[in-house]
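Since the structure comes first, as structure tokens, the remarks are kept for the end.
Here, each number is a calculation from the coordinates, and none is a lab measurement. Values in this document were obtained by computation on a predicted structure and should not be read as measured data. Every residue, glycine as well, gets a Cβ built from its backbone with ideal geometry; the counts of neighbours run over all protein chains shown.
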Amino acid sequence: MSTRATSPVAQQQRVAVLGGGPGGYEAALVAAQLGADVTVVERDGLGGSTVLTDVVPSKTLIATAELMATVGGATELGVRFPGGPTGDTEPAGSVSVDLGRVHQRVKSLAFAQSMDIRARLEKEGVKVLSGSGRLDGPQALVVTDGEDAGARVDADVVLLSTGSRPRTLPDAQPDGERILTWKQVYDVEELPEHLVVVGSGVTGAEFASAYDALGAHVTLVSSRDRVLPGEDADAAEVLEEVFRRRGMNVVSRSRAESVVRHGDSVVVTLSDGRTVEGSHCLVAVGSVPNTEGIGLEEAGVWTSESGHVDVDKVSRTSARGVYAAGDCTGVFPLASVAAMQGRIAMWHALGDTVAPLKLRSVASTVFTSPEIATVGWTQAQIDSGEAQGEIVKLPLSTNARAKMLGIHDGFVKLFCRTGSGTVIGGVVVAPRASELIFPVTLAVEKRLNVDDVAHAFSVYPSLSGSLAEAARQLHVMAD
Ligand SMILES: Cc1cc2nc3c(=O)[nH]c(=O)nc-3n(C[C@H](O)[C@H](O)[C@H](O)COP(=O)(O)OP(=O)(O)OC[C@H]3O[C@@H](n4cnc5c(N)ncnc54)[C@H](O)[C@@H]3O)c2cc1C
């Protein structure tokens, strides 16, 4: 049996949360656990964009894409596909995707997850109001439309967690049918014949990779020299090489100026005048925070030029008693960070033990095929001298398990502090890199030495064996 750690401070407090994504609902759970009287105002559904339109749907779609990619490589492992166009060695002709069914699955998983979150909040005694809300000064929310329009929630502590939405280009307005944002792709019933993805950041790369694996022809338009400009350069290079090898058309150093629909096709015009014609276009050029029209200025909440709410490391805004978490703050656009900012806000506001937000050990993954997972300091920071570090990079092509699994692309990279050998970061490029990065995250968080990592057993044969090997090699270099 568990005992509840309610705090005497929290028991007299009313907490109002605007936005029910991970920034908001995780905060609500902490506040309820500490004994506060908590209300969440949410207009679309609990779980937020994270659950309803962004993370959960995209990763569910990618699960199918991943399976298709595995099937595509199966003949190398001796699997036969009778009925394929070139006999039993060609899976492409015999395996195809039913996108309508995939999207049904995506939507029902997202809905079920949202319902689970609602049930959990209600079980913990959190009140949920449906509708759009705004601040009415720093100590109240009002619901302006929706089911609970007109409701007012007076509060001692307010948390803003309104998230963000896709940025659009003035000359590329989404129509939900052929010109799409990442929230609209799940309403397209047929696999696009030729999908043009504008934007090669994390979201653009993930969707390009997924649709390519699902069988669509994909053109990826990147305004930079290479895809994933914000990621580890070696990892981005591997991915771009894989993309091109699979037949994706990667158009680099080209900015999309406009996207125009002509009946059943779209024409993307690039800044150099060239055009790309496709059947559909996905515009993935970043996000803008949902911070307009919610009474920030009147309540004394400062925002940056980009419209993000200014917060400190315990999620306080410029207005006393008003906190903010998640994408509306622009601190680090990840669900895990949003949730942590929200929890920290409540621990701080309600007088519990709290440590400021630390971003150094945030692990993140680009869910492409292969996946790219990173944590800690980057090679770019080491190369520029911002961090003093040693680097070991090992290709997976020499790893016994990778050979058995037919993995040809990818690597592990480990960074340690020069002299002390403390692990300060790493990169894994591999199928399921999102799972493999965890030991590196633990090492960074707990400041383990490369020898600590090297002395731990890894399974033979395993991909994680390459991480242990990298740690062993760093011992020699750190001497
Ligand atoms: C395609 C895609 C894939 C991603 N994949 C990952 C991933 O794999 N892992 C990861 O960690 N992150 C991922 N992210 C990032 C992640 O989605 C965000 O960082 C996360 O959603 C932020 O959570 P949040 O609570 O700030 O906002 P949200 O989840 O956006 O929630 C905000 C909520 O506030 C509500 N709201 C806004 N304004 C109001 C108002 N005035 N009144 C009432 N309600 C309001 C909205 O309806 C929404 O439900 C992905 C993002 C995208 C776009």
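Just one residue in the set 180, 169, 239, 214 is more than 13 Å from the ligand (Cβ to nearest atom), buried (at least 23 other Cβ atoms within 10 Å of the Cβ), of a type outside the set (S, T, N, Q) and in contact (Cβ under 8 Å) with a residue 24 or more places away in the chain; that residue is 239. Only one of (1) crowded, with 22+ Cβ neighbours inside 10 Å; (2) outside any strand (DSSP E or B); (3) under 25 Å from the mean Cα position of the chain (by Cα); (4) not β-branched (Val, Ile, Thr) is not met by residue 402, so which one is it? Of (1) crowded, with 22+ Cβ neighbours inside 10 Å; (2) outside any strand (DSSP E or B); (3) under 25 Å from the mean Cα position of the chain (by Cα); (4) not β-branched (Val, Ile, Thr), only one is false for residue 402: (3). Residue check: is residue 343 more than 11 Å from the ligand (Cβ to nearest atom), touching a residue at least 60 places away in the same chain (Cβ under 8 Å) and loosely packed, with under 15 Cβ neighbours inside 10 Å? The answer is no for residue 343. If you check residue 224 against the conditions, is it basic (Lys, Arg), in contact with a Lys or Arg (Cβ under 8 Å, 6 or more places away or on another chain) and part of a strand (DSSP E or B)? In short, no. Out of the residues in region 11-46 that are part of a loop (DSSP other than H, G, I, E, B) and either of a type in the set (Asp, Glu) or more than 7 Å from the ligand (Cβ to nearest atom) (or both), state the one that is farthest from residue 215 (Cα to Cα). Here the answer is 12. Filtered by the rule that a residue be within 14 Å of the ligand (Cβ to nearest atom) and among the acidic types (Asp, Glu), region 183-200 gives no residues. Is it the case that residue 63 is closer than 30 Å to residue 214 by Cα, within 16 Å of the ligand (Cβ to nearest atom), free of Cβ contacts under 8 Å to residues at least 12 places away in the same chain and not aromatic (Phe, Trp, Tyr)? The answer is yes for residue 63.
Of note, residue 304 does not satisfy the criterion of being more than 10 Å from the ligand (Cβ to nearest atom), closer than 30 Å to residue 262 by Cβ and of a type in the set (Ser, Thr, Tyr).
Criterion applied to 298, 277 was being within 16 Å of the ligand (Cβ to nearest atom), among the acidic types (Asp, Glu), surrounded by fewer than 19 Cβ atoms within 10 Å (Cβ to Cβ) and touching a residue at least 40 places away in the same chain (Cβ under 8 Å), and the one residue passing it is 298. Which members of region 128-142 meet the condition of being more than 12 Å from the ligand (Cβ to nearest atom) and either hydrophobic (A, V, I, L, M, F, W, C) or within 28 Å of the chain's Cα centre (by Cα) (or both)? Across region 128-142, the qualifying residue is only 140.
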